[in-house]
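*Asks:* Okay, here's the structure, questions in a sec.
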Amino acid sequence: MTKHSEYMEAFFGVELYKKFEDVLGDLENIELDLKDISKEVGRLGGKLDDEDRIGTAREMRAATYESAQQVRDVRTFLDFYFSQSQELSQVILERDAYMLLYQIFKWDMNDVRDLRGWVRDFNHVCKTIGYRPEDLLNLSRMTATPVPEDVVRYPVYAVDKHGYCLCGKHCDDIMYIDEIREEMEEKKKSA
């Protein structure tokens with residue numbers, strides 16, 4: 001495989017916004033590891049027998065080397081995806097938005113929480129790049145399977161195989177379909 005095709009595979013093979021979040025988590029873990037190493041260095045200056053001092057030094061050496069490897073991986077990721085240019089960053093975020101749209105439209109209807117997560121991520125990416133999510137995603141036609149007519153007005157945007165609905169003004173609530181029907185009936189009676 002050529003270097004170019006490896007780059008293409010790396011570019012299209014990951015959800016970059018998730019990878020970026022993972023990298024930030026890695027940096028936090030490295031920070032904590034280095035703080036622990038610092039504490040161990042302090043212990044080395046104290047009263048330890050030779051066996052403890054040698055064991056502690058070996059553990060610190062291994063932890064320091066591992067942290068250095070993690071920093072290299074983070075640096076490589078950031079350099080590859082984000083330091084190229086502002087235009088590339090825009091392209092990456094646009095790509096992520098369209099990948100999320102694809103996931104939303106190909107949703108298997110198994111768990112509405114997956115769909116809610118993708119919609120949230122999609123909205124976040126769109127706002128980051130200055131797009132209006134509603135221009136790209138019609139919430140009323142988000143899935144191929146229509147929402148039952150009696151709950152569409154709630155609003156309900158999608159129903160999974162188990163009867164849980166993605167609903168609410170901002171498409172971020174989950175309720176069981178019978179609860180929605182009960183709530184709509186109560187509102188009808190009180191009106």
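*Asks:* From the residues in segment 40-53 that are loosely packed, with under 11 Cβ neighbours inside 10 Å and assigned to a helix (DSSP H, G or I), which one is modelled with the lowest pLDDT? Explain how you work it out, then say what you get.
*Replies:* Step one: of segment 40-53, the residues loosely packed, with under 11 Cβ neighbours inside 10 Å are 42, 45-47, 49-51.
Filter once more, so that each one left must be assigned to a helix (DSSP H, G or I): 42, 50-51.
On the way: Gly42: 70, Asp50: 79, Glu51: 83.
Only one residue tops the list, namely Gly42.
*Asks:* So is Tyr154 of a type in the set (Phe, Trp, Tyr) and farther than 30 Å from Arg181 by Cβ or not?
*Replies:* Details: of a type in the set (Phe, Trp, Tyr): yes; farther than 30 Å from Arg181 by Cβ: no.
In short, no.
*Asks:* Just checking: which of the helices (runs of 4 or more DSSP H) contained wholly in segment 98-191 hold 1 or more residues that are over 19 Å from the mean Cα position of the chain (by Cα)? Write out each step before concluding.
*Replies:* Values: elements: 112-129, 133-136, 149-152, 177-190.
Helices (runs of 4 or more DSSP H) meeting the threshold: 133-136, 149-152, 177-190.
*Asks:* Return yes when Val156 is open to solvent by less than 20 Å² (accessible area, probe 1.4 Å), free of Cβ contacts under 8 Å to residues at least 40 places away in the same chain and either among the acidic types (Asp, Glu) or in contact with a strand residue (DSSP E or B) (Cβ under 7 Å, 6 or more places away or on another chain) (or both) and no when it is not.
*Replies:* Details: open to solvent by less than 20 Å² (accessible area, probe 1.4 Å): yes; free of Cβ contacts under 8 Å to residues at least 40 places away in the same chain: yes; either among the acidic types (Asp, Glu) or in contact with a strand residue (DSSP E or B) (Cβ under 7 Å, 6 or more places away or on another chain) (or both): yes.
So Val156 fits the description; yes.
*Asks:* How do the pairs read when you match residues in segment 47-64 that are free of Cβ contacts under 8 Å to residues at least 40 places away in the same chain with residues anywhere that are among the basic types (Lys, Arg), using Cβ under 9 Å and keeping only pairs 6 or more apart or on different chains?
*Replies:* Asp52/Arg43; Arg53/Arg43; Thr56/Arg43
Rundown of residues vs (1) more than 23 Å from Tyr102 (Cα to Cα); (2) at pLDDT below 95; (3) open to solvent by 80 Å² or more (accessible area, probe 1.4 Å), yes/no style:
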{"site": "Thr145", "(1), (2), (3)": "no, yes, no"}
{"site": "Cys171", "(1), (2), (3)": "no, yes, no"}
{"site": "Ile174", "(1), (2), (3)": "no, no, no"}
{"site": "Glu183", "(1), (2), (3)": "yes, yes, no"}
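*Asks:* For segment 15-39, what are the residues that are within 13 Å of Asp96 (Cα to Cα) and part of a helix (DSSP H, G or I)? I'd like the intermediate steps shown before the answer.
*Replies:* Let us first name the residues in segment 15-39 that are within 13 Å of Asp96 (Cα to Cα), namely 15-20.
Of everything in segment 15-39, those that are within 13 Å of Asp96 (Cα to Cα) and part of a helix (DSSP H, G or I) turn out to be Leu16, Tyr17, Lys18, Lys19, Phe20.
*Asks:* Being surrounded by 16 or more Cβ atoms within 10 Å (Cβ to Cβ) and among the aliphatic types (A, V, I, L, M) is the filter here; which residues of segment 106-138 pass it?
*Replies:* Val112, Leu115, Val119, Val125, Leu137
The values are calculated or read from the model by the stated rules, or taken from the named source; none is laboratory data. Given the structure is predicted, the values throughout are model-derived calculations rather than measurements. No Cβ is skipped: glycine too gets one built from the backbone with ideal geometry, and neighbour counts run over all protein chains shown. Protein only, heavy atoms only, side chains kept; ligands, DNA and RNA dropped before computing areas. Shrake-Rupley method; radii C 1.70, N 1.55, O 1.52, S 1.80 Å.
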